[in-house]
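Undergrad: Before I ask anything, let me first share the structure, which is written out below as structure tokens.
The values are calculated or read from the model by the stated rules, or taken from the named source; none is laboratory data. Because the structure is predicted, anything quoted here is derived from the model rather than measured. Ideal geometry is used to build each Cβ from the backbone, glycine not excepted, and the neighbour counts take in all protein chains shown.
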Amino acid sequence: MGTDAWENWRAFDAGASELENILDEHHSDRAFVGSQRAFGPFVISAILRDEGDVGPALLMHAGIHAHLGAELIVGKELAPADSSAHHGGIMSDEIAALISLELGVRLRYAGTRQLSLLHDGDPHPPLHFEVSRLARPGRRGHEQIPRAMSRPASLDVLGRLPTFPRVGEVDQIELVRAARAYATALWWANEDPNRAWLDLITATEIAANCRQTRRTDSVDLLRDAWPELWNDLEGSDAELRAKVAGRVSPQMKATRRFIDFIGELSPAPPEPRPEWEELDWTEMRDHARLIYAHRSKALHAGKPFPTPMLEEPRRDPNGAIQEAPWGKTAGGASRAIWKKAEMPMFLSTFEYIVREALLRWWDELAGPDGTAHEVPQAQR
């Protein structure tokens, strides 16, 4: 069972006739540019508008060539339960999320403007609907992800989206889920940066779980993924260490997958680099380990990410974006104080790393016949 966009695209490519068509609106805080593009059954056009406030940005005309509804009865029997392709959205959410990930800009499905109803070669007069304008989350004039407002919002540079129907059935579901989590993080970053951290980590976990192929001995896994516990066991006999490693290996495997994904697919540092508070790119695996520990505290203990990691980055006079919080210590609400080692980077830095890693993973899924390429610095 594939996602709706994937199933519909492949049905179109196979020559299936159109059953109905829709015209959907996607909203953004960016003004999109570029020529009208056709991606299989989806024809996407930019709407001329002002930039800044959220409003209609893209129109997507989609021909429906596949039966996308769930078949509850099969051969007079109830169909077996199957939610393997479920991600909480519809076909237009899928396309919007994939575009948001590829371009690194905010884009969200807002509603259907026009609906043809089912037809068999003789379309009915369409039904027309009003689409309410979405609101931009967060305070006006504040931006957690500055690159989301400077990357090209152009249909002309969409090179990965055409590879989507070539991704395998299982992998494309995970790609859509990861894209949806990334797009949600980007959309809500200014309203709730702590939520954005968690969504970006979720997007990474989805991709890491899909990609992970390494099998590691549990003792080696403990030494690498949980060095603090390994050090606590120093002096213990090998049997005890093996027993402890076996008990905690399920938790460590999730951590290891996350660390491996970031460590193996993280991009080169962005250019230009800031004059102060650069992230040490050589310690990426350690950064990933710490971030995953913050994630666990946020989800299981209700302890948000350190306040300095939730603040907006500054720009240097040369345009470089601050990568990490200032100083050797920093404070926050409730008289909290954090050491520099506890707050490795800003949300904006992590978004840059996660998006580039996800794009490289997408290229892997598309295979050698896809359009794998490095994202130019100007588009990062």
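Undergrad: Could you check how many residues of segment 143-156 are closer than 22 Å to ALA189 by Cβ, assigned to a helix (DSSP H, G or I) and not basic (Lys, Arg)?
TA: 3
Undergrad: Mind checking which pairs have a first residue in segment 78-92 that is in contact (Cβ under 8 Å) with a residue 24 or more places away in the chain and of a type in the set (A, V, I, L, M) and a second that is assigned to a strand (DSSP E or B) and surrounded by 10 or more Cβ atoms within 10 Å (Cβ to Cβ), Cβ under 8 Å, 6 or more apart or different chains?
TA: Within 8 Å, the pairs are ILE90/TYR109; MET91/ALA62.
Undergrad: Looking at segment 173-198 only, could you name the residues that are farther than 20 Å from ALA135 by Cα and of a type in the set (D, E, K, R)? Reasoning before the result, please.
TA: In the first step, residues of segment 173-198 are kept if they are farther than 20 Å from ALA135 by Cα; the result is 173-179, 197-198.
Within segment 173-198, GLU174, ARG177 meet the criteria.
Undergrad: Testing LEU78 on (1) closer than 21 Å to TRP187 by Cβ; (2) not assigned by TED's automatic domain parsing to the domain that holds GLU102, one condition comes back false. Which one is that?
TA: Of the numbered conditions (1) closer than 21 Å to TRP187 by Cβ; (2) not assigned by TED's automatic domain parsing to the domain that holds GLU102, the odd one out for LEU78 is (1).
Undergrad: Looking only at segment 80-91, decide whether some residue is in a helix (DSSP H, G or I), modelled with pLDDT of 95 or more and buried (at least 22 other Cβ atoms within 10 Å of the Cβ).
TA: Among the residues of segment 80-91, at least one is in a helix (DSSP H, G or I), modelled with pLDDT of 95 or more and buried (at least 22 other Cβ atoms within 10 Å of the Cβ), which makes the answer yes.
Undergrad: Now for a separate question. If you take the residues in segment 101-139 that are charged (D, E, K, R) and part of a strand (DSSP E or B), which one is surrounded by the most Cβ atoms within 10 Å (Cβ to Cβ)?
TA: Ranking the qualifying residues of segment 101-139, first place goes to ARG108.
Undergrad: Looking at ARG147, ARG113, can you tell me which residue is out of contact with any Ser or Thr (no Cβ under 9 Å at 6 or more places or on another chain) and in the same structural domain as ILE95 (by TED's automatic domain parsing)?
TA: ARG113
Undergrad: Report yes if ALA320 is surrounded by 16 or more Cβ atoms within 10 Å (Cβ to Cβ), of a type in the set (Gly, Ala, Ser) and touching a Gly at 6+ places or on another chain (Cβ under 8 Å), otherwise no.
TA: Judged against the criteria, ALA320 is not a match.
Here's the yes/no breakdown for (1) over 20 Å from ASP199 (Cβ atoms); (2) under 21 Å from the mean Cα position of the chain (by Cα):
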position	(1), (2)
ALA301	no, no
GLU312	no, yes
LYS340	yes, no
SER348	no, yes
LEU358	no, yes
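Undergrad: Let me ask you something else. Looking at (1) charged (D, E, K, R); (2) at pLDDT 90 or above; (3) in contact with a helix residue (DSSP H, G or I) (Cβ under 7 Å, 6 or more places away or on another chain), find the lone condition where LYS339 falls short.
TA: All conditions are met except number (3).
Undergrad: For the structure I just gave you, tell me whether GLY69 is among the small types (Gly, Ala, Ser) and in contact (Cβ under 8 Å) with a residue 12 or more places away in the chain. Talk me through it step by step, then tell me what you get.
TA: Values: among the small types (Gly, Ala, Ser): yes; in contact (Cβ under 8 Å) with a residue 12 or more places away in the chain: no.
No.
Undergrad: Just give me the residues in segment 323-359 being surrounded by fewer than 18 Cβ atoms within 10 Å (Cβ to Cβ) and either assigned to a loop (DSSP other than H, G, I, E, B) or in contact (Cβ under 8 Å) with a residue 60 or more places away in the chain (or both), in sequence order.
TA: Within segment 323-359, TRP326, GLY327, LYS328, GLY332, ALA336 meet the criteria.
Undergrad: Right, another one. Within segment 58-68, does at least one residue satisfy the condition of being surrounded by fewer than 19 Cβ atoms within 10 Å (Cβ to Cβ), within 23 Å of the chain's Cα centre (by Cα) and either among the basic types (Lys, Arg) or part of a strand (DSSP E or B) (or both)?
TA: Yes; the residues of segment 58-68 include at least one that is surrounded by fewer than 19 Cβ atoms within 10 Å (Cβ to Cβ), within 23 Å of the chain's Cα centre (by Cα) and either among the basic types (Lys, Arg) or part of a strand (DSSP E or B) (or both).
Undergrad: Consider LEU161 carefully, then state whether it is surrounded by 16 or more Cβ atoms within 10 Å (Cβ to Cβ), over 23 Å from HIS87 (Cα atoms), in contact with a strand residue (DSSP E or B) (Cβ under 8 Å, 6 or more places away or on another chain) and modelled with pLDDT of 95 or more.
TA: no
Undergrad: Let me ask another. So which residues in segment 259-298 are of a type in the set (Val, Ile, Thr) and free of Cβ contacts under 8 Å to residues at least 12 places away in the same chain? Before the answer, list the steps.
TA: Here is the first cut: in segment 259-298, the ones of a type in the set (Val, Ile, Thr) are 259, 262, 282, 291.
Within segment 259-298, THR282 is the sole residue that qualifies.
Undergrad: Only one residue in GLU51, GLU18 is assigned to a loop (DSSP other than H, G, I, E, B) and over 21 Å from LEU127 (Cα atoms). Which one?
TA: The unique qualifying residue is GLU51.
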